[in-house]
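Here the structure is laid out as structure tokens; the discussion comes afterwards.
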């Protein structure tokens, strides 16, 4: 069943005078927008009135945060700006977490908020809030549309800003009087996206010299590679040089996790082999990463023997946390193709890295009848194959997915990185499935995270979106509980979720098929059933509340000081 309108009122293209709302809809269509996520209300109602005669597909979410996070997921898969709508006041403020999430992970988004009439702005009118001011730190740019004739220019520029350079969110505040005002239909504008230029040739020459003289070079791949659409170029560069690689959470899949050159994710919950390789390398080639604290651990001990080549579209990131020996700002696609060093003498280093991977390979033969989450996630990716697209919530399960699932491309792993937004998984899964209907989209969530936006199960049901949900339920806020165990003398404060509802029954109340498993021998059949289901489905998996995620770099410690109790 679908709740999309079967009949729409076609706009009369011969009408020369249109409302601001009608003009805004036409401007969105001119930018190639096809799908938007939103929730109606008073100040945005004229825009919703114009929606019924548009070619846009509107997805009604059940909370505005869900709209922003679904637009985020849609954008990560398509590479185009996701669009979300909300009314003024609480509708607008409910978008803020999703806007912040997009800003931290450099995701293109255009967020449109209704606003009270311009003559009422500043009077504390009903549902008035200064969303322009409130979001200034977490957007690339903001607009308040004051005149309806400005709409085509504002929309075109908003998309150009959101998608060009280092991508990010743009806010458009749309006062109600502007939305209902009539104006002669102006010409619509096509976006004018500026293409970045390659890094200066002098920098490229210096980088080539460093690469050719290095004995232990290492690729440090960040999410900026995928945002730059430079995955093919990165794969070609890695193939022709043979340099081993590690990746951040957002960069998983730039090199397939099955690529023999790929060591694994680095950082706080990175794989031991990856972190040790970073600590041993003599040249770190940082591509589209920002030396985030969750990656580096104690910064002054990170890659202590390495010189640094840093390439990024955003010059502000280069040298911000780690001084670069060679800076390569600009277009990563062109820069990577320009880097073509002659044959490197790194055979011993590659053997050393291979030995590290072998020595620290994960052991899945953990005893017991209970469900071992790392093994379940490994089996999931093996059964689903290359069509698997995972969206994650935030917590222990998020780290386990990064460690144990096979990721073939960066668009197949959607995770809230910089903001760590609980409740991201289901809305992002909705956006991802609508963006790529043929993918096998699976949301992996935890019992803490899923409750943040569980109302979006209603959205799944309304549009019959066949999202598959795996809920790893350990009856606790697992990552917080782990830290309290290790670093707060087991003083467990507000992490017990043993009074959780029966999640399978809850999903069924929303009209979603659901079932529960508790034993390891149930896993293969459960995954088969999950993946075969034609509609939305939830698999409730009960796991040990005391299981932790390993390895772990303790706060304030070097990445070489990993705690590792895999068999505990």
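The values are calculated or read from the model by the stated rules, or taken from the named source; none is laboratory data. These numbers were taken from a predicted model, which means no experiment stands behind them. As a convention, Cβ positions derive from the backbone with ideal geometry for all residues, glycine included, and neighbour counts pool all protein chains shown.
When you check residue 520 against the structure, is it surrounded by fewer than 18 Cβ atoms within 10 Å (Cβ to Cβ) and out of contact with any helix residue (DSSP H, G or I) (no Cβ under 9 Å at 6 or more places or on another chain), yes or no? Spelling it out, it is not the case that residue 520 is surrounded by fewer than 18 Cβ atoms within 10 Å (Cβ to Cβ) and out of contact with any helix residue (DSSP H, G or I) (no Cβ under 9 Å at 6 or more places or on another chain). Among the residues of region 155-176, those that are surrounded by fewer than 20 Cβ atoms within 10 Å (Cβ to Cβ) and either touching a residue at least 40 places away in the same chain (Cβ under 8 Å) or over 18 Å from residue 188 (Cα atoms) (or both) comprise 156, 164, 165, 166.
Which one of these is under 19 Å from the mean Cα position of the chain (by Cα), part of a loop (DSSP other than H, G, I, E, B) and at pLDDT 95 or above: 493, 416? Step through it out loud before you land on a result.
Values: 493 fails: under 19 Å from the mean Cα position of the chain (by Cα).
Every option except 416 fails the conditions.
Being modelled with pLDDT of 95 or more and within 27 Å of residue 549 (Cα to Cα) holds for only one residue in 221, 285, and it is 221.
Of all residues in region 425-457, those that are out of contact with any strand residue (DSSP E or B) (no Cβ under 9 Å at 6 or more places or on another chain), under 20 Å from residue 35 (Cα atoms) and not in a loop (DSSP other than H, G, I, E, B) total 1.
Looking at the structure I just gave you, is residue 508 over 21 Å from residue 373 (Cα atoms), modelled with pLDDT of 95 or more and either in a helix (DSSP H, G or I) or in contact with a strand residue (DSSP E or B) (Cβ under 8 Å, 6 or more places away or on another chain) (or both)? Yes. What is the one condition in (1) under 27 Å from residue 397 (Cβ atoms); (2) in the same structural domain as residue 240 (by TED's automatic domain parsing) that residue 301 does not satisfy? Result: residue 301 fails condition (1) only.
Tally up the residues in region 20-34 that are out of contact with any helix residue (DSSP H, G or I) (no Cβ under 6 Å at 6 or more places or on another chain) and either surrounded by fewer than 18 Cβ atoms within 10 Å (Cβ to Cβ) or farther than 15 Å from residue 84 by Cβ (or both), please. Quick ask: steps written out before the conclusion?
Of all residues in region 20-34, those out of contact with any helix residue (DSSP H, G or I) (no Cβ under 6 Å at 6 or more places or on another chain) come to 26, 28-30, 32-34.
Now drop any that are not either surrounded by fewer than 18 Cβ atoms within 10 Å (Cβ to Cβ) or farther than 15 Å from residue 84 by Cβ (or both), which leaves 26, 29-30, 32, 34.
Of the residues in region 20-34, 5 are out of contact with any helix residue (DSSP H, G or I) (no Cβ under 6 Å at 6 or more places or on another chain) and either surrounded by fewer than 18 Cβ atoms within 10 Å (Cβ to Cβ) or farther than 15 Å from residue 84 by Cβ (or both).
At least 3 residues being out of contact with any helix residue (DSSP H, G or I) (no Cβ under 6 Å at 6 or more places or on another chain) is the threshold, and among the helices (runs of 4 or more DSSP H) wholly inside region 141-229 those reaching it are 151-163, 201-213.
Among the residues in region 339-359, are any assigned by TED's automatic domain parsing to the domain that holds residue 260, within 21 Å of residue 229 (Cα to Cα) and in contact (Cβ under 8 Å) with a residue 12 or more places away in the chain? Yes, region 339-359 contains a residue that is assigned by TED's automatic domain parsing to the domain that holds residue 260, within 21 Å of residue 229 (Cα to Cα) and in contact (Cβ under 8 Å) with a residue 12 or more places away in the chain.
For (1) surrounded by 17 or more Cβ atoms within 10 Å (Cβ to Cβ); (2) more than 26 Å from residue 370 (Cβ to Cβ); (3) in the same structural domain as residue 536 (by TED's automatic domain parsing), each residue gets a yes or a no:
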| site | (1), (2), (3) |
| --- | --- |
| 457 | yes, yes, yes |
| 460 | yes, yes, yes |
| 470 | yes, no, yes |
| 485 | no, no, yes |
| 501 | no, no, yes |
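If I filter region 319-329 for residues that are in contact with a strand residue (DSSP E or B) (Cβ under 9 Å, 6 or more places away or on another chain), farther than 22 Å from residue 206 by Cβ and either free of Cβ contacts under 8 Å to residues at least 24 places away in the same chain or in the same structural domain as residue 234 (by TED's automatic domain parsing) (or both), do I get at least one hit? Step through it out loud before you land on a result.
Pass one, region 319-329, residues in contact with a strand residue (DSSP E or B) (Cβ under 9 Å, 6 or more places away or on another chain): 319, 322-329.
Those still in the list that are farther than 22 Å from residue 206 by Cβ too: none.
No, every residue in region 319-329 fails to be in contact with a strand residue (DSSP E or B) (Cβ under 9 Å, 6 or more places away or on another chain), farther than 22 Å from residue 206 by Cβ and either free of Cβ contacts under 8 Å to residues at least 24 places away in the same chain or in the same structural domain as residue 234 (by TED's automatic domain parsing) (or both).
Checked against the criterion of being out of contact with any strand residue (DSSP E or B) (no Cβ under 9 Å at 6 or more places or on another chain) and either in contact (Cβ under 8 Å) with a residue 60 or more places away in the chain or within 24 Å of residue 64 (Cα to Cα) (or both), the candidates 499, 473, 521 yield just one match: 521.
Quick grid of which residues meet (1) buried (at least 20 other Cβ atoms within 10 Å of the Cβ); (2) assigned by TED's automatic domain parsing to the domain that holds residue 329; (3) more than 14 Å from residue 335 (Cα to Cα):
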site	(1), (2), (3)
195	no, no, no
208	no, yes, no
213	no, yes, yes
218	yes, yes, yes
223	yes, yes, yes
233	yes, yes, no
236	no, yes, no
244	yes, yes, yes
249	yes, yes, yes
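Among the residues here, residue 378 does not qualify as free of Cβ contacts under 8 Å to residues at least 60 places away in the same chain and crowded, with 21+ Cβ neighbours inside 10 Å.
How many residues, within region 269-293, are farther than 15 Å from residue 222 by Cβ and either in contact with a strand residue (DSSP E or B) (Cβ under 7 Å, 6 or more places away or on another chain) or surrounded by fewer than 24 Cβ atoms within 10 Å (Cβ to Cβ) (or both)? Steps first, answer last, please.
Going through region 269-293, the residues farther than 15 Å from residue 222 by Cβ turn out to be 269, 271-273, 275-277, 279-283.
Keeping just the survivors that are either in contact with a strand residue (DSSP E or B) (Cβ under 7 Å, 6 or more places away or on another chain) or surrounded by fewer than 24 Cβ atoms within 10 Å (Cβ to Cβ) (or both) gives 269, 271-273, 276-277, 279-283.
Residues meeting the conditions: 11.
State the number of residues belonging to region 524-563 that are over 18 Å from residue 301 (Cα atoms), touching a strand residue (DSSP E or B) at 6+ places or on another chain (Cβ under 7 Å) and not in a loop (DSSP other than H, G, I, E, B). Going through region 524-563 one residue at a time, the tally reaches 9.
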